[in-house]
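The values are calculated or read from the model by the stated rules, or taken from the named source; none is laboratory data. Remember, it's a predicted structure, so these values are computed and weren't measured experimentally. Here the Cβ positions follow ideal geometry from the backbone for every residue, glycine too, while neighbour counts run over all protein chains shown.
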């Protein structure tokens, strides 16, 4: 698929993430707290994804593929749960823009480290000066958003 076609999908996904923060913040007040809100959010997401997986999956993986995988491939759900929980706790305290900005800063920082060292079997993309400068500009943007 062309990069130009993927760009709007990425932008909409980013917009959905920011919207999710606001939605889950309100869900928190309905269900009685941030952990319950994160759990309900994940439950609804899980049901949706199970239905989607059943609709598009043509085969199941072999048992050897599952048991032979590295331990860390199973941690994505935990990382996602922490992310959703943190957004529910932080958004009402910091505001949506600051929360998203801080998350973005963390994402870019981790992404540069993962790319530079080829961690988790990713292809290596060197942490060049322009990439590091881009990360610093994101940090500067977060500071501006938070202060004003």
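For the list (1) more than 16 Å from the chain's Cα centre (by Cα); (2) farther than 16 Å from residue 22 by Cα, I need the number of the one condition that residue 34 fails. Unmet condition: (2). Each residue in region 92-111 was checked for being over 15 Å from the mean Cα position of the chain (by Cα), more than 18 Å from residue 144 (Cβ to Cβ) and surrounded by 13 or more Cβ atoms within 10 Å (Cβ to Cβ), and 1 pass. Of everything listed in (1) under 14 Å from the mean Cα position of the chain (by Cα); (2) modelled with pLDDT under 90, the single unmet condition for residue 66 is (1). The residues of region 120-131 that are without any contact (Cβ under 8 Å) to a residue 24 or more places away in the chain and exposed (fewer than 12 other Cβ atoms within 10 Å of the Cβ), listed by number, are 121, 123, 124, 126, 128, 129, 130. The condition (being farther than 24 Å from residue 103 by Cβ and without any contact (Cβ under 8 Å) to a residue 60 or more places away in the chain) is satisfied by just one residue among 32, 76, 45: 32.
Considering every residue within region 51-59, establish whether at least one is surrounded by 10 or more Cβ atoms within 10 Å (Cβ to Cβ) and touching a helix residue (DSSP H, G or I) at 6+ places or on another chain (Cβ under 8 Å). Looking through region 51-59, none of the residues is surrounded by 10 or more Cβ atoms within 10 Å (Cβ to Cβ) and touching a helix residue (DSSP H, G or I) at 6+ places or on another chain (Cβ under 8 Å).
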